[in-house]
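Written below as structure tokens is the structure these notes are about.
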Amino acid sequence: QQAQQVDIIEILKMIYKNQLTADVKGDIVVSGTFDDVNLDGTLNVSNLSIAVDGKKLPSSNADLTLKGNKINMYAKLYTASNELTEVIGNFKTGKHPKIDLNCKSNAQLKSFVDLADSVAKTFGFKELDSLSATGEIDADFTLKSDLKQVSSSGYLKINSASIAYKLYNFAIKNLNANVDLSNNLINATANLSGVSYKEVQSDTLVNVSAVNVAKNTINITNAKINNP
């Protein structure tokens with residue numbers, strides 16, 4: 001294969017220019033086998049930030065505590081000065097898996113794209129230049145499950161969103177999604193219109209309701225795909 005050359009000096013210049021910062025402290029022991037890996041220790045990331053359009057974001061942070069097959073996580077990510085996504089999760093893998101997840105977010109999709117683009121450019125990748133998005137994420141939900149029973153509350157919404165990626169000539173002009181997690185059920189509705197790839201239009205409508213984790217069932221009440 002053709003060798004890839006990396007200009008480390010240019011990357012360091014971009015890290016300085018884009019004000020990419022992070023303080024990382026880790027102490028993790030890995031043991032076991034590939035089929036049964038045990039991780040013990042902690043990973044703490046603080047003062048995580050980068051400049052987007054020349055303006056440095058507030059500091060984000062993430063904390064992981066690992067013990068055997070248990071993972072405790074807390075993450076706070078700023079995508080703008082007034083946009084915060086918080087995730088608190090306790091996970092257990094193995095024969096008796098469990099999920100305990102809480103998420104809150106008011107982030108704009110454009111902010112996520114701009115953040116990803118800034119990070120990519122820092123390391124010399126410019127492929128996200130032509131990726132754009134509108135709309136916002138409105139989330140406040142709790143989900144607990146042992147993959148046999150589920151306990152949930154709250155909601156996840158994406159309103160009046162759009163996505164365009166000129167590099168691949170792909171676009172979704174209108175995207176709406178509503179996930180209702182109240183009453184220990186997961187009801188989801190997604191509506192996409194103005195979907196196009198290489199300027200060929202396609203309309204898509206999917207309604208998903210009564211997701212039952214315990215019984216492994218998903219009811220699709222209405223699906224429409226029109227793709228020439």
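The values are calculated or read from the model by the stated rules, or taken from the named source; none is laboratory data. This is a predicted model, so every value here is computed, not measured. With ideal geometry, Cβ positions are generated from the backbone for all residues, glycine too; neighbour counts draw on all protein chains shown. Areas reflect the complete protein model, heavy atoms only, side chains present, ligands, DNA and RNA absent. Shrake-Rupley method; radii C 1.70, N 1.55, O 1.52, S 1.80 Å.
How many residues does the stretch 147-190 hold that are open to solvent by 60 Å² or more (accessible area, probe 1.4 Å) and in contact (Cβ under 8 Å) with a residue 60 or more places away in the chain? Adding up the residues that qualify gives 3. Could you go through the stretch 37-51 and let me know if any residue there is under 17 Å from A107 (Cβ atoms) and of a type outside the set (S, T, N, Q). Yes. For the stretch 191-228, which positions are among the hydrophobic types (A, V, I, L, M, F, W, C), surrounded by 15 or more Cβ atoms within 10 Å (Cβ to Cβ) and at pLDDT 70 or above? Within the stretch 191-228, L192, V195, V206, V208 qualify. Restrict the check to the stretch 19-29 and report whether at least one residue is farther than 30 Å from N176 by Cβ and acidic (D, E). The answer is yes, given that some residue of the stretch 19-29 is farther than 30 Å from N176 by Cβ and acidic (D, E). For Y78, the test of being touching a Pro at 6+ places or on another chain (Cβ under 7 Å) and not β-branched (V, I, T) is passed.
Take the residues of the stretch 52-70 that are assigned to a strand (DSSP E or B) and open to solvent by 60 Å² or more (accessible area, probe 1.4 Å): which is farthest from S111 (Cα to Cα)? Out of the qualifying residues, it is K67.
Criterion first (more than 21 Å from D117 (Cβ to Cβ), touching a Gly at 6+ places or on another chain (Cβ under 6 Å), open to solvent by 80 Å² or more (accessible area, probe 1.4 Å) and not in a helix (DSSP H, G or I)) does D35 satisfy it? Spell out how you get there, then give the answer.
Numbers: more than 21 Å from D117 (Cβ to Cβ): yes; touching a Gly at 6+ places or on another chain (Cβ under 6 Å): no; open to solvent by 80 Å² or more (accessible area, probe 1.4 Å): yes; not in a helix (DSSP H, G or I): yes.
No; evaluated as a whole, the condition is false for this residue.
Only residues that are part of a strand (DSSP E or B), among the hydrophobic types (A, V, I, L, M, F, W, C) and closer than 26 Å to P58 by Cα were counted in the stretch 1-32, giving 2. The requirement of being among the hydroxyl-bearing types (S, T, Y), farther than 25 Å from S132 by Cβ, open to solvent by less than 60 Å² (accessible area, probe 1.4 Å) and in a strand (DSSP E or B) is fulfilled somewhere in the stretch 42-51, by at least one residue. A single member of K173, K95, K148 is of a type in the set (K, R), more than 24 Å from S81 (Cα to Cα) and either at pLDDT 90 or above or touching a strand residue (DSSP E or B) at 6+ places or on another chain (Cβ under 6 Å) (or both), and it is K173.
Can you tell me which residues in the stretch 7-32 are surrounded by 11 or more Cβ atoms within 10 Å (Cβ to Cβ) and within 23 Å of M73 (Cβ to Cβ)? Of everything in the stretch 7-32, those that are surrounded by 11 or more Cβ atoms within 10 Å (Cβ to Cβ) and within 23 Å of M73 (Cβ to Cβ) turn out to be L20, T21, A22, D23, V24, I28, G32. Screening K121 against (1) in contact (Cβ under 8 Å) with a residue 40 or more places away in the chain; (2) farther than 28 Å from K13 by Cβ; (3) open to solvent by 70 Å² or more (accessible area, probe 1.4 Å) leaves a single unmet condition, (2). Every test in (1) under 26 Å from L156 (Cβ atoms); (2) touching a helix residue (DSSP H, G or I) at 6+ places or on another chain (Cβ under 6 Å) is passed by N72 save one, and that test is (2).
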